[in-house]
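Written below as structure tokens is the structure these notes are about.
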Amino acid sequence: MSVGGRRIVGLMRLLVVEDETDLAEALAKGLRRDGYAVDVASDGAAAIDRLSLNTYDLVCLDLNLPDMDGLDVCRRLRTDPMLRPADDEPAPRVLMLTARGSLSDRVAGLDEGADDYLAKPFAFEELQARVRTLLRRDASRQGAVLEVGDLVMDTARFVATRDGHPIDLTAKEFALLRYFMSHPDEVMSQERLLEHVWDENTDPFTNTVRVTIGTLRRKLDQAVADEASDQLIETVVGAGYRLRSTGT
Ligand code: CA
């Protein structure tokens, strides 16, 4: 979607494709801590299944998968019409993970449409840096500053302010506010928020949405002390929540 002719970004959703369970879980856990929604696929078929169902901003793709070569997954992703994102969505970035460190594999990966390449073993900080760089490339292309009323968010720098006052947010609160700011005045059901801001591992009966909205509301109010009497994020009874674009 676009606001004021500028493309804006919602939450970043990542897919980790890795058959080494411990590594996959460690990556998913670390990336979730950074505020991304992360799904995990443990083989090529599961990856293609996920890619056909969901739109991802970035795929961390292991080259050596039990059922197929990561390069084939990458090729499918770039050429299979079933896996293409909708017209207004950018194609996912692909970060190839591989134990093979040779130059020829690297070149082959990039030829198949990978955007970057990381040789195992790697430090998590290195992966974080690559992911950030790849996503920032998109953010700068799309315009990463969101403005709704007196709220301003710089999605690339992870900074949010209200009426010029910084708001100290956790990664999840930031992701939630980013999603609201990408869809001002739209009523969001709990299911929709769970789908876009959380990930597939989240229990659909959890109260995490309600709890996170509660802490986010409090922080939005605290940012402007007691001047704000109205809540920016309204509860729409029986329907969900809405971020008002106009107000106090
Ligand atoms: Ca592997």
Would you kindly work out the equivalent ellipsoid of the chain from its C-alpha gyration tensor and give its semi-axes, the square roots of five times the eigenvalues, largest first in whole Å? 35, 18, 17
So what are the ³J(HN,Hα) numbers for region 58-70, from phi and the Karplus equation (6.51, -1.76, 1.60; θ = phi - 60°), rounded to whole Hz, Gly and Pro as x? 8, 10, 8, 10, 5, 6, 9, 9, x, 9, 7, 7, x
Suppose a student asked you for the relative contact order of the chain, using Cα pairs under 8 Å spaced at least 6 residues apart; what percent would you report? 18 percent
Grab the other residues whose beta carbon is less than 12 angstrom from that of residue 200, score K and R as +1, D and E as -1, and report the net. -2
Normalised contact order of region 145-243, rounded percent, pairs of Cα under 8 Å and 6 or more residues apart: 30 percent
Quick query: amide H of residue 41 versus all other amide H atoms, modeled in the peptide plane; which residues come in under 5 Å with a sequence gap of 5 or more or a different chain? 16, 17, 18
Placed amide H near residue 187: partners under 5 Å, 5+ positions off or other chain: none
At q = 0.10, 0.14 Å⁻¹, the log10 of I(q)/I(0) for region 145-243 from a Debye sum over equal Cα scatterers comes to -0.25, -0.49
On Cα atoms only, tilt of 124-142 relative to the major axis of the chain in degrees: 60 degrees
Region 143-225 - percent of accessible surface contributed by carbon and sulfur, probe 1.4 Å: 51 percent
Give me the net charge for the shell around residue 170: Cβ to Cβ below 15 angstrom, other residues only, Lys and Arg +1, Asp and Glu -1. +4
Between residue 84 and residue 201, the two model label points (7 Å from Cα along the beta-carbon direction) sit apart by a distance in nm of 3.3 nm
Say each of residue 244 and residue 110 gets a label point 7 Å from the Cα, pointing the same way as Cα to Cβ; how far apart are those two points in nm? 5.3 nm
Would you list which lysines come within 17 Å of residue 219, measuring only between C-alpha atoms, while excluding same-chain residues fewer than 8 positions from it? 172
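The values are calculated or read from the model by the stated rules, or taken from the named source; none is laboratory data. Remember, it's a predicted structure, so these values are computed and weren't measured experimentally. Don't worry about glycine lacking a Cβ; one is built from the backbone with ideal geometry, like all the others, and counts go over all protein chains shown. Quick note on the areas: whole protein, heavy atoms, side chains included, nothing else; ligands and nucleic acids left out. Shrake-Rupley method; radii C 1.70, N 1.55, O 1.52, S 1.80 Å.
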